[in-house]
Amino acid sequence: MQTRSVRSCVVLASILAAGLAWSTIAKADNDEHVRGVISAHGDDGTVTVRSDNGAEVVVAVRDFTRVVQRDGARERRVSLSALVPGLRIDARGSYQGPHQFSAERVTFKRTDAKMAQAIYGGVDPTDRRSLENQRRIEENTRTIERQEQTLARQTQQIAANNEQIQANDAKMVATTGALATRITNLDDYKVITSTTVYFPNGSAAIAQKYRAQIGDLAAKAKGVNGYAIQIQGYASAVGSNALNQRLSKQRADAVTAILQQHGVELTNIVVPAAMGTTGQVASNKTARGQAENRRTVLTLLQNKGISER
């Protein structure tokens, strides 16, 4: 009876050992490896490895990383200081990027360690510092090259943006010139009345009292045969020309929208003119003068041919 119990324990122990061995093998199969020779030792707990496929990989060696020296079938855990340049290693862990590797276990042969130590020991401290300085210079050079490439891309983008801004400004100037020509050639119309809308600084918002004035002009226009409403938006000569050009257009468009809301058809509205900083009526040296220049002028016109019938 006792013999049968002993046999059962032996069988159970064998199964557990086999399972543990299989688990270890399976985990090892799932791990990634970096095999090659250490070319540099970093100050941040990393070593640079020239891998067997020719690529340089930065291997992170942390406190939890197990560093093992093999001597035949024997293994001995050693400190991180054993990882010197010239040592051939096998790092097991996982890739954190194309050239970044996090090591869980690093192994190397005792014979390879002795050879690396001999090579490393043959280099005097001055040469070691020179090699380390050379490594840092190369790293700085690569960093500068990346920064120069980024700067070049940004410069190209700025140039493209400037070209687009210049094209937009030229388009606005051309449009303004065409509209101004059209307005100055309205010789076949007589002026019935006009009203002026004033705006806050840097804004195209219309105050309520001016909305009422625009509504009154729209109501009066509907009683005039063959009428047209001329709209001219202006800005004070403070700030950039491009900004003032946009503001004058926005102000003319805002007035046009209110006219349409009061039933004025677009066919009775002369294309709203963005006059920019032309036609200043007051000095821009005072706040009051600037306020007088921030305006849109609405002029109710009637076709002379219809009015003279």
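The values are calculated or read from the model by the stated rules, or taken from the named source; none is laboratory data. Predicted, not measured: the structure shown is a model, and the values here were computed from it. Here Cβ is always computed from backbone atoms with ideal geometry, including for glycine, and neighbour counts include all displayed protein chains.
Condition first: farther than 18 Å from Glu292 by Cα and part of a strand (DSSP E or B). Can you find one or more residues in the stretch 237-259 that meet it? Scanning the stretch 237-259, I find no residue that is farther than 18 Å from Glu292 by Cα and part of a strand (DSSP E or B), so the answer is no. Checking each residue in the stretch 276-299 for being farther than 19 Å from Asp216 by Cα, in contact with a Lys or Arg (Cβ under 9 Å, 6 or more places away or on another chain) and surrounded by 15 or more Cβ atoms within 10 Å (Cβ to Cβ) picks out Gly276, Arg294. Note on the stretch 43-77: among residues that are closer than 15 Å to Ala103 by Cα and part of a loop (DSSP other than H, G, I, E, B), the one that is nearest to the chain's Cα centre (by Cα) is Asp44. Evaluated against (1) in a helix (DSSP H, G or I); (2) over 51 Å from the mean Cα position of the chain (by Cα), Lys190 falls short on exactly one condition, (1). One residue stands out among those in the stretch 184-211 that are under 19 Å from Arg294 (Cβ atoms) and hydrophobic (A, V, I, L, M, F, W, C): the one that is surrounded by the most Cβ atoms within 10 Å (Cβ to Cβ), which is Phe199.
Scanning the stretch 239-272 for residues that are among the aliphatic types (A, V, I, L, M) and buried (at least 16 other Cβ atoms within 10 Å of the Cβ) yields a total of 9. Scanning the stretch 260-297 for residues that are in a helix (DSSP H, G or I) and among the hydrophobic types (A, V, I, L, M, F, W, C), we see that the one that is modelled with the lowest pLDDT is Leu266.
Does Glu145 fit the bill of being exposed (fewer than 12 other Cβ atoms within 10 Å of the Cβ) and either aliphatic (A, V, I, L, M) or modelled with pLDDT of 80 or more (or both)? Yes; evaluated as a whole, the condition is true for this residue. Do we find that Val84 is at negative phi, touching a strand residue (DSSP E or B) at 6+ places or on another chain (Cβ under 6 Å) and of a type in the set (A, V, I, L, M) in this structure? Against the criterion (at negative phi, touching a strand residue (DSSP E or B) at 6+ places or on another chain (Cβ under 6 Å) and of a type in the set (A, V, I, L, M)), Val84 does not qualify. Only one of the listed residues (Ile119, Ile38) is at pLDDT 85 or above, surrounded by 12 or more Cβ atoms within 10 Å (Cβ to Cβ) and of a type in the set (A, V, I, L, M, F, W, C). That residue is Ile38. Name the pairs: first residue in the stretch 271-282 and on the phi > 0 side of the Ramachandran plot, second residue of a type in the set (S, T, N, Q), Cβ to Cβ under 7 Å, at least 6 apart or on different chains? Hits for this filter: Gly276/Thr176; Gly276/Asn241; Gly276/Asn244; Gly276/Gln245; Gly276/Ser248. Within the stretch 91-103, being surrounded by fewer than 16 Cβ atoms within 10 Å (Cβ to Cβ) and assigned to a strand (DSSP E or B) holds for Ser94, Tyr95, Gln96, Gly97, Gln100.
In the set Ala254, Ala219, Ala207, only one residue is in contact (Cβ under 8 Å) with a residue 40 or more places away in the chain, farther than 22 Å from Asn303 by Cβ and either in the same structural domain as Thr296 (by TED's automatic domain parsing) or among the β-branched types (Val, Ile, Thr) (or both); that residue is Ala254.
Scanning the stretch 188-212 for residues that are more than 20 Å from Gly263 (Cα to Cα), of a type in the set (Ser, Thr, Tyr) and modelled with pLDDT under 95 returns Tyr189, Ser203.
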